[in-house]
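Derivation of every value follows stated rules applied to the coordinates shown; laboratory data play no part. Given the structure is predicted, the values throughout are model-derived calculations rather than measurements. Cβ placement follows ideal geometry from the backbone for every residue including glycine, while neighbour counts extend to all protein chains displayed.
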Amino acid sequence: MKHPIVYILSILMAVLFSGAAIADFEGRTKCSSCHKSQAKSWKDTAHAKAMESLKPGARKEAKVKANLDPEKDYTQDKDCVGCHVDGWGKKGGYTVDAPKKPLAAVGCESCHGGGKNYRGDHRKAGQTFESKGTTTQRKVLADKGQDFQFEEACAGCHLNYEGSPWKGAKAPYTPFTPAVDPKYTFDFDKMVKDVKAMHEHYKLDGTFAGEPKFKYHDDFQANAKEKTADKKGKGKE
């Protein structure tokens, strides 16, 4: 029979090294430490203010039109919060009971996928490119969870209403539908190019190659701005 202390230590080690201890989402602070230009641009977008819109008194006219109480604090409403934060219902994601500021609002990981499992490969690829000029295949990151398409991620909120053309629609539905106001008609191909909703695009250095590649990647890069705030070795794709 094992000594009690040895037995307890073995349990603790099993918990620490189990897959359950690894979080998929870790917050936009990690992404922003390298992607400074994108992060700065994102702060001016509607997605960055997503949680603010749930506070009492915010967007009164829109809430009344959607038959919502404009004075209610929807930041505590679990039927609403999911579309205003990163990683709702997923490992390491935002929760009402233990809210984390780096996960509040619709940030990097809502589009690109929880970064815990691929961020290390992402950073290592940048360092390798800087030192040797060697590129890394995007598939390496895709296999670790980075989303290069993310159209479904957007549809999960913007098209999640009764009667939606999106086949994945299910309760709880968004109250902001085209029937309430035509401006809620969602066209991914149009909205993904709207810098008021997304963020500005900046010149990337070519660290990554191959598929999968976002369908507008080349278009965005053809008109991308030069990075203005990133340090040497930062700001990779």
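Residues of the stretch 93-125 falling in the label zone of K78, defined by backbone nitrogen less than 14 Å from a point 7 Å along Cα to beta-carbon, are 94-99.
Under 17 Å from a label point set 7 Å out along the Cα-to-Cβ vector of A46, the amide N atoms of the stretch 176-203 belong to 176-200. Look at the alpha carbon pairs under 8 Å that are at least 6 residues apart: their mean separation over the length of the chain gives a relative contact order of 24 percent.
Cross-link check: pairs K132/K203; K63/K196; K72/K116; K144/K196; K30/K227; K193/K213 evaluated at a Cα-Cα cut-off of 24 Å; pairs beyond the cut-off: K72/K116; K144/K196. Remark: the A179-V96 segment gains 26.9 nm on full extension, using 0.36 nm per residue and subtracting the alpha carbon distance. The aspartates and glutamates within cross-link reach of K49, meaning a Cα-to-Cα straight distance under 13 Å and a gap of 8 or more places when in the same chain, are D86.
Counting only other residues whose beta carbon sits under 13 Å from that of D181, what net charge do I get with K and R as +1, D and E as -1? Spelling it out: positives minus negatives among the neighbours equals +3. Residues whose amide H falls under 5 Å from that of T136, counting only those 5 or more places apart or on a different chain, are F208, A209, with hydrogens built in the peptide plane.
Net length available on complete extension from Q127 to N67 is 16.4 nm, with 0.36 nm assigned per residue and the Cα-Cα distance removed. Could you work out the local net charge near K55, counting Lys and Arg as +1, Asp and Glu as -1, over the other residues with Cβ closer than 13 Å to its Cβ? That works out to 0. Treating each Cα of the stretch 37-130 as an identical point scatterer and summing with the Debye formula, the log10 of I(q)/I(0) at q = 0.15 Å⁻¹ comes to -0.66. Our helix-only sum for the chain, with -39,500 (n - 2.57) per DSSP H run of n ≥ 4 divided by its residues, gives a mean residue ellipticity at 222 nm of -8000 deg cm²/dmol. Summing Lys and Arg as +1 and Asp and Glu as -1 over all other residues whose Cβ lies under 15 Å from the Cβ of E151 gives a net charge of 0.
Rounded to the nearest whole angstrom, the semi-axes of the ellipsoid equivalent to the chain, taken from the Cα gyration tensor as √(5λ), stand at 32, 28, 16, largest first. Residues whose amide H comes within less than 5 Å of that of Y202, counting only those at least five positions distant or on another chain, are K225 (H built at 1.01 Å from N in the peptide plane).
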